1. Considering each of ARG294, ARG234 in turn, give the residue that is within 30 Å of GLU133 (Cβ to Cβ), assigned by TED's automatic domain parsing to the domain that holds LYS186 and charged (D, E, K, R).
2. Restricting to the stretch 216-262, what's the tally of residues that are farther than 19 Å from GLU179 by Cα and in contact (Cβ under 8 Å) with a residue 24 or more places away in the chain?
3. Report whether or not ALA265 is assigned to a helix (DSSP H, G or I) and in contact with an Asp or Glu (Cβ under 9 Å, 6 or more places away or on another chain).
4. Checking the condition in a helix (DSSP H, G or I) and within 15 Å of GLN172 (Cβ to Cβ), which residue from GLU250, GLU228, GLU286 passes?
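The values are calculated or read from the model by the stated rules, or taken from the named source; none is laboratory data. Just so it is clear, the structure is predicted and the values come from calculations on it, not from any experiment. Every residue, glycine as well, gets a Cβ built from its backbone with ideal geometry; the counts of neighbours run over all protein chains shown.
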Amino acid sequence: MDELRKIAILLYKIMVIQTYQYLWKTYFKSGTGQLIIPSETKQKVSYSTTSPIWPKEIKTIALSNKKDKTNENEICLKFTNGHLYALRNQLKEYQQELNIKANNFQGYTISIQEKLMAYIEQNLNSSLSRKIEHQVELIHYDYHIQALKLEYFQHKSNEYQKQLMIQICQSQYEQETSEQEYEFLKQKIAYYNLPSQSFECSTISHHPLIDSIQNLTVQEALKKQFKEVAIQSRITLFNMYLKSAEDQREEYKKKHKANVKKMDASQRTLNKNEKLSSTFVQLINERCNKISERIRSIYKFKSESILLKS
């Protein structure tokens, strides 16, 4: 049993390394323009998907201690390759150790290993796999969002047109985030209203000071009063949070609507400096859609985490 346990730990380590390799290979593909494979793209896109775009996570870490950031691409590439190299070496080390233990274990078979791996995947590695899959999905969204911005700028957009695109995309981000936050808040409130999250199940329901009271009648009366205050306070807080989230949602909705009107007006204007071509409008709309999809993906992941907890 002790040897099997050691083998299981090694298998777990190998699976964790492989999961992180998947993430870092995705970073590498994004930074070298290999993330999107044209033959696998279902819809025809109006922008380049072969541009090297480093994810913000890599740029933040790789450039944090660099005074000279002129050759950003080379710095990020070297950093990512270094991390992938370290992961490969660590994986090789674990696999060699596993082979030694498996060969020295009498009666060890592929069938036993598959059962161990299935157990690890279901009980230990599933949470990490879900998290990494979600991160990879966000890397794809970020790539498309940045690629659309680059395409927009390459169409010789002037400063006004650039700023208008940034304003519209920012207000789209705020509107979608506030909408999803409002819906997520309602879901969280529903979760905290479950029987498993009742006052009796909470840690505050047993206060040492109240429990120390010898007179049971006084103790029960205080407990009842304490419960009523706690429940009412929670209801008041939930209503306050909902009202605040709803007000913010309406505010950002109005703001984005005003920006969209500005974009529509820019199509009809005679002023060449302010006029937006149909190509500009299409790129703005596509970028806004990708921003919304990314935010919905984030809140879907959060919602699924709440459901798993409940």
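1. When all the criteria are applied, what remains is ARG294.
2. 5
3. yes
4. The conditions single out GLU286.
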